Each structure stands twice: as C-alpha cells, then as structure tokens.
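Notes for the one structure printed next.
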Amino acid sequence: MNIDETSRSPTAFARLKREHVVVVVIFAAVLLSLMFSSTYYVGLVAVAGVNSIVVLGLAFLLATGQLSLGHAAFLGLGAYASSLMTLKLGVPPLVAIPLATALCAVIGWFLGVLTLGMRGHYLPLATLAYGMAISACFVAEIDLTGGASGLTGIPSLGLWGVSMEARGMATLIWAVVVLVFFAYRRIYRSRVGRVARALKSNSTMASAFGADVARVKTQVFVLSAALGGLAGSLYAYYMQFLSPSSFSLGASVNLLIMTVLGGVAHPLGALLGVMFFNLLELTGQHVIANVLGLPGQVESMVLGAVLIVALLKWPDGLLTWAGITSSYDVAHDVPVATVRDTVREPATLSAKGVTKRFGGLTALCEVDVNVPAHTITGLIGPNGAGKSTLFNVMTGVFPASSGGVTVSGQPLPNKLRKVISCGIARTFQHVQLVQELDVLQNVLIGGYSRGKSGLLAAAIGADRHEEAGMVAEALAALRRVGLLEIANTRISDLPLGSQRLVEIARALMARPSILLLDEPAAGLRSPEKQRLSQLLQSLRDDDGMTVLIVEHDMELVMGCADYLFVLNYGSVLAEGMPHEVQQNSDVIHAYLGAEA
C-alpha cells in the first residue's frame with residue numbers, strides 16, 4: 001500500500017488545515033493589534049504574550065500528569081532576578097534575561113528532585129507550598145525587592161543602544177511566543193514528548209520501553225520553570241515595575257485556568273486558553289463595569305460561571321471546540337520500511353525457583369519455567385493461577401521475593417527500564433496505550449530506547465533524520481499486524497481488539513529478541529486470531545524470535561505453541577507438548593473443570 005493512501009486521508013488533511021487556520025488567525029490578530037491598537041491594548045497583548053509563554057510550558061507539564069499550583073513563582077523569580085541583576089550589578093538586560101532563565105531552570109531542577117517523586121495530592125500541595133513561600137519572600141525582602149510597594153526604576157530593554165518602546169517590546173514578546181510555540185509543537189511529537197505524555201496514565205509501560213520516568217518528569221518540569229523565568233524577565237523589562245501581587249497564588253490559579261481552559265493535548269491549547277481568558281476579562285470589565293455599572297464582584301462571578309460552562313461543554317478544553325487533536329500527520333512522504341533481514345542471536349528466558357509474595361499472600365511458589373530460543377512457549381492456567389504475576393516478574397515489573405530470572409544465562413536487570421536493553425519487549429494484560437495519541441505515535445513509543453534525541457534536539461528540529469527512520473519502522477510494524485490503514489487514527493476510536501494489535505506493533509518496534517504477550521487474543525475476532533497465530537509463527541520462523549504467550553484462548557495456544565506450562569495456585573501443575581498437556585488428567589481437572 002502506498003503511504004500517501006494512508007497518511008493523506010481527508011480527516012488528517014482537514015485536521016491539519018484547521019490547525020493552520022487557527023494559528024494564522026491568532027497570530028494575525030496579535031500582529032494587527034500591535035500595529036494599530038492604542039498603547040493600553042498593546043499592553044494587554046504584551047501581558048497575554050507573557051502568559052502564553054508560561055502556559056505553553058505549564059500545559060506540557062499538565063499533559064505529563066504533573067499539576068503545579070505555584071507556577072507564578074517562576075514568573076516572579078525570573079522577573080526579580082533579571083531586574084536585580086541590572087539594577088544592583090549593572091548586567092545588561094540582554095545578558096540578564098538568559099541568566100535569569102538559567103537560574104529558574106536550576107531552581108526548578110532542585111524543586112523537581114524534591115517533589116516530583118510525590119504521588120497523588122501531595123505533588124500539587126508541594127507546588128502550592130513553594131509557590132506561596134517564594135511569593136512571600138518577594139514581600140518580605142523589602143531592601144532587595146521593595147516589598148509590597150514594588151520594585152521601581154527597571155530600565156527598558158535596549159537593542160544596539162536604542163531603548164525599545166512599548167510596541168516594540170510587545171512585538172519582541174510575541175516573537176518569543178512564536179518560537180516557543182513551534183518548538184513545543186515539535187516537542188509534542190518527538191521521542192521524549194510521546195513518552196512524557198504517556199506518564200500521566202502509563203508510567204509502567206513507558207518504563208518498560210526504556211524511559212527513565214523520574215528523569216523525563218524532571219526535564220519537563222525544568223523546561224517549564226525556565227519558560228516561566230524567561231516570561232518573567234520579558235515582563236519586567238516591559239512593565240519596568242514589579243509588584244509581588246503579580247506573582248501571588250491568584251496569579252498561579254489564573255495560569256492554571258488558562259491551561260485547562262485551552263487544553264493540553266496540543267500546544268495550540270495554550271494560546272486558545274490565554275486568548276479566551278483575556279477576552280472574557282476584557283468583555284466583563286467593559287459590559288459589567290462600564291455599561292451596567294455593577295461592582296467588580298459581579299464581574300468575578302460572571303467570569304467564573306462562563307468558565308464553568310465552557311469546561312462542562314468542552315472538558316478537554318477549547319481544542320475540542322476548534323477540532324484540534326494531538327494526532328499529527330507525521331507520515332507524509334515517509335516510505336514504509338521493508339522487513340529487516342536480520343538473524344537474531346539465540347535468546348532464552350528462564351525463571352528458577354521464583355516465589356512472589358504480596359504481604360501475607362503467596363502468588364507464586366518455587367516456579368521453574370524455561371523458554372527456549374526460537375520457540376513459542378505458552379503459559380496457561382485458570383484465573384488467579386499466577387500467570388500475570390509470573391509474567392510481570394519475568395519482565396522486571398515486580399521483583400521476585402526469592403529465586404531469579406535469567407536472560408540467555410544473564411540475570412535480569414533490577415530496573416524495569418533496563419530490561420528492554422536485554423532484548424525483551426512485552427504487551428500488557430490490560431491495554432496500556434496513550435488514548436490521546438494516534439496509532440502511529442503509540443507504536444513509536446516502542447522505539448524510545450533505540451533513539452538518542454532529547455528535548456532540545458526536538459525543539460530545534462535536529463531529530464528529523466532519526467524520526468524519519470523511526471516512522472518508517474513503525475509503519476512497517478503496523479503493516480506486519482495489519483493496521484497500516486489506520487496509522488493516523490486516534491487510539492480512543494479503536495475497538496479493544498485493534499488496540500491489542502497496536503500493542504504488539506509497539507513491542508515489535510523495540511526490535512526484541514524475546515517477545516512476551518499477555519492475553520493478546522482478548523477482544524479479537526476469529527479472523528484476527530488466525531492472523532495473530534500466523535504472525536507469531538512468522539516471528540519465530542522468519543525473524544528468529546523467542547515468544548512467551550499468556551492466553552486463555554486454548555484454540556490459539558494449541559495451534560501455535562511449541563511447548564506449554566500450566567500454572568495452578570501459583571505453582572507449575574504440568575508442562576509438555578500441547579497434545580500432552582491436553583491429555584493430562586490434572587490439567588483437565590483443574591483447568592477445564594472436568595473430572596480426572
């Protein structure tokens with residue numbers, strides 16, 4: 001099938017066109033405002049640009065499952081740091097801005113290391129605490145920051161010895177917004193960006209394909225903090241006056257509202273959220289205060305009500321209203337890679353004396369399982385027999401309480417993210433795909449451990465060659481499982497059976513020597529099961545792959561497995577060739593529920 005037939009679908013084209021139209025409309029409206037509006041409205045546009053820079057970073061942070069309730073603190077740190085460098089140390093503004101940005105990145109790294117390991121509500125509470133603490137410092141340090149009265153005398157930014165007036169400074173701010181927007185657009189669809197967005201609900205899966213979860217979270221947080229510092233520096237040199245109230249808890253809440261209102265599935269959501277929020281405020285001030293003559297409290301009530309209605313109507317933000325999703329038409333003009341003619345080294349997987357306890361419950365007891373090279377080995381048993389627990393121990397998700405697992409005679413790494421380097425890839429009993437991404441991007445996650453590009457390389461487009469090769473391989477993996485036609489379809493639009501095939505394609509993307517499949521036939525129809533059986537046999541015979549499959553579908557297992565292990569109550573009940581296991585009286589009694 002020609003790649004153009006799949007990637008240039010009317011849906012993808014329409015989505016791409018909508019995105020371009022919305023971007024052009026926003027930036028054209030900003031440009032016209034900067035050219036023809038009065039100084040007052042230029043100031044509003046400049047502040048909207050500052051907020052856009054912060055919200056772009058905050059949106060990506062939220063997309064990874066990290067909620068920050070004190071992000072205005074970084075805005076304030078950047079503003080005060082750059083201003084004080086200029087006022088106290090005589091540092092030129094053009095030098096102070098990158099220094100303040102770097103300072104916020106360092107502080108973000110420090111706070112990230114301290115707090116990002118927290119789970120549940122503790123993380124947002126921690127961000128709230130340091131946000132309030134930093135804001136309080138701006139007020140308390142009167143000699144340094146001017147306290148509640150504010151910091152005055154900040155010089156304007158100058159280029160080539162000429163000070164920039166308000167309109168020129170606002171233009172500079174929005175030039176930075178444009179650069180940050182397109183950098184984030186690349187990051188969202190990059191190697192790290194895909195894995196980062198998987199962390200919100202699929203951190204175990206991301207780690208299984210080589211992601212260092214703590215490191216990725218910290219990188220995203222540091223980048224977000226640095227953008228806050230950059231925005232704060234630009235704000236300081238535009239306003240030439242700083243008040244602590246601009247960086248209070250209320251400011252953090254407003255930034256979060258803009259982020260959620262716009263949506264986090266695409267960087268365009270940040271711009272939509274900021275624009276809509278500012279338009280609501282401006283309209284409220286004009287209509288309620290000037291036209292109706294009502295007090296300011298009414299304005300806050302109306303604004304809150306409109307925001308609630310908007311979020312109820314579009315729970316995923318204004319991106320839903322605009323018809324923009326996180327799916328990208330990344331497959332344009334990329335050829336589908338041919339099947340690699342690579343002979344794999346023989347790879348074996350063995351569990352010896354594995355026992356696994358969860359508190360007082362023994363899920364596995366002295367289990368011995370050996371998966372020979374270039375074979376399909378089946379692991380069967382009734383519900384609750386311990387199959388998935390053994391599967392997770394053999395892939396490094398759970399550590400064994402006693403006993404051990406070896407890969408080709410070598411001990412299994414003790415960190416989940418390092419297991420993939422042994423040539424082991426897996427699927428999951430409960431599908432672990434990123435529902436907001438399309439099929440192709442989910443499959444690309446499987447190649448994370450083989451990639452090298454990071455956030456910076458993605459932001460400047462230096463990862464294009466690597467990405468092109470990865471996309472070609474991902475398309476080949478999708479063709480292998482029969483899903484090439486739906487490469488640009490959103491995962492949430494697929495039935496369960498197709499999602500399981502996407503998981504297999506993602507595992508193949510990792511180029512494994514050993515493939516472990518946890519109930520891959522669940523949700524598949526009869527023709528799909530037959531195709532899955534043929535695929536497994538092809539992986540064994542043509543690719544030299546070692547396969548371990550946990551499955552309840554006896555027809556599938558008996559039709560493709562070379563050897564079977566039967567678990568019951570956490571112990572090996574029987575093992576042997578499929579026809580031997582079928583005739584085993586203990587298996588018939590325990591597994592099939594018949595009399596021995």
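The values are calculated or read from the model by the stated rules, or taken from the named source; none is laboratory data. Quick caveat, the model's predicted, so the values are computed rather than measured. Note that we place each Cβ from the backbone using ideal geometry, even for glycine, and neighbour counts take in every protein chain shown.
Yes or no, residue by residue, for (1) touching a residue at least 40 places away in the same chain (Cβ under 8 Å); (2) over 23 Å from residue 215 (Cα atoms); (3) touching a helix residue (DSSP H, G or I) at 6+ places or on another chain (Cβ under 9 Å); (4) among the basic types (Lys, Arg):
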{"residue": "103", "(1), (2), (3), (4)": "yes, no, yes, no"}
{"residue": "108", "(1), (2), (3), (4)": "yes, no, yes, no"}
{"residue": "119", "(1), (2), (3), (4)": "no, no, no, yes"}
{"residue": "128", "(1), (2), (3), (4)": "yes, no, yes, no"}
{"residue": "132", "(1), (2), (3), (4)": "yes, yes, yes, no"}
{"residue": "138", "(1), (2), (3), (4)": "yes, yes, yes, no"}
{"residue": "148", "(1), (2), (3), (4)": "yes, yes, yes, no"}
{"residue": "153", "(1), (2), (3), (4)": "yes, yes, yes, no"}
{"residue": "156", "(1), (2), (3), (4)": "yes, yes, yes, no"}
Practice prompt. Please list, ordered by first then second residue, the pairs with beta carbon atoms under 6 Å, 6 or more apart or interchain, first in the range 495-511 and farther than 22 Å from residue 545 by Cα, second assigned to a helix (DSSP H, G or I) and charged (D, E, K, R).
Written response: 497/528
Worksheet entry | Complete set of residues in the range 353-366 that are free of Cβ contacts under 8 Å to residues at least 60 places away in the same chain, on the phi > 0 side of the Ramachandran plot and not in a loop (DSSP other than H, G, I, E, B) | 353
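Kindly evaluate residue 527 against the criterion of being under 23 Å from residue 438 (Cα atoms), surrounded by fewer than 18 Cβ atoms within 10 Å (Cβ to Cβ), of a type outside the set (Phe, Trp, Tyr) and without any contact (Cβ under 8 Å) to a residue 40 or more places away in the chain.
On the way: under 23 Å from residue 438 (Cα atoms): no; surrounded by fewer than 18 Cβ atoms within 10 Å (Cβ to Cβ): yes; of a type outside the set (Phe, Trp, Tyr): yes; without any contact (Cβ under 8 Å) to a residue 40 or more places away in the chain: yes.
Judged against the criteria, residue 527 is not a match.
Quick one: would you say residue 540 is surrounded by 15 or more Cβ atoms within 10 Å (Cβ to Cβ), within 30 Å of residue 316 (Cβ to Cβ) and either among the aromatic types (Phe, Trp, Tyr) or at pLDDT 90 or above (or both)? Write out each step before concluding.
On the way: surrounded by 15 or more Cβ atoms within 10 Å (Cβ to Cβ): yes; within 30 Å of residue 316 (Cβ to Cβ): no; either among the aromatic types (Phe, Trp, Tyr) or at pLDDT 90 or above (or both): yes.
Considered against the rule, which asks whether it is surrounded by 15 or more Cβ atoms within 10 Å (Cβ to Cβ), within 30 Å of residue 316 (Cβ to Cβ) and either among the aromatic types (Phe, Trp, Tyr) or at pLDDT 90 or above (or both), residue 540 comes out as no.
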Item to complete: Kindly indicate whether any position in the range 229-247 is in contact (Cβ under 8 Å) with a residue 12 or more places away in the chain and more than 30 Å from residue 147 (Cβ to Cβ).
Response: no
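Here is a yes/no grid of residues against (1) at pLDDT 75 or above; (2) out of contact with any Leu (no Cβ under 9 Å at 6 or more places or on another chain):
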position: 280; (1), (2): yes, no
position: 298; (1), (2): no, no
position: 301; (1), (2): yes, yes
position: 321; (1), (2): yes, no
position: 332; (1), (2): no, yes
position: 337; (1), (2): no, no
position: 340; (1), (2): no, yes
position: 347; (1), (2): yes, yes
position: 353; (1), (2): yes, yes
Discussion item. Criterion first (closer than 27 Å to residue 215 by Cβ and of a type in the set (Gly, Ala, Ser)) does residue 78 satisfy it?
Written reply: yes
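Please list, ordered by residue number, the strands (runs of 3 or more DSSP E) wholly in the range 531-596 having 1 or more residues that are small (Gly, Ala, Ser), in the same structural domain as residue 388 (by TED's automatic domain parsing) and more than 28 Å from residue 510 (Cβ to Cβ). Steps first, answer last, please.
Working: elements: 546-550, 563-568, 571-576.
Where strands (runs of 3 or more DSSP E) fall fully within the range 531-596 and carry at least 1 residues being small (Gly, Ala, Ser), in the same structural domain as residue 388 (by TED's automatic domain parsing) and more than 28 Å from residue 510 (Cβ to Cβ), they are 571-576.
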Worksheet, complete the sentence: Per the filter on the range 152-193, residues of a type outside the set (A, V, I, L, M, F, W, C), in a loop (DSSP other than H, G, I, E, B) and in contact with a Phe, Trp or Tyr (Cβ under 8 Å, 6 or more places away or on another chain) are 152, 155, 156, 189
Response to the item:
Condition set more than 30 Å from residue 200 (Cα to Cα) and surrounded by fewer than 18 Cβ atoms within 10 Å (Cβ to Cβ), scope the range 18-32, selection farthest from the chain's Cα centre (by Cα): answer is 32
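Find the helices (runs of 4 or more DSSP H) located wholly in the range 49-147 whose residues include 3 or more that are assigned by TED's automatic domain parsing to the domain that holds residue 239 and buried (at least 16 other Cβ atoms within 10 Å of the Cβ), and list them. Outline the logic, then answer.
Values: elements: 72-89, 93-115, 122-140, 142-145.
Once the helices (runs of 4 or more DSSP H) in the range 49-147 are filtered for at least 3 residues that are assigned by TED's automatic domain parsing to the domain that holds residue 239 and buried (at least 16 other Cβ atoms within 10 Å of the Cβ), what remains is 72-89, 93-115, 122-140.
Quick one: would you say residue 123 is more than 30 Å from residue 24 (Cβ to Cβ) and modelled with pLDDT of 90 or more? Spell out the reasoning first.
Numbers: more than 30 Å from residue 24 (Cβ to Cβ): yes; modelled with pLDDT of 90 or more: no.
No: the conditions fail for residue 123.
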Worksheet item: If we keep just the residues of the range 244-290 that are buried (at least 17 other Cβ atoms within 10 Å of the Cβ) and among the hydroxyl-bearing types (Ser, Thr, Tyr), which is nearest to residue 83 (Cα to Cα)?
Response: 246
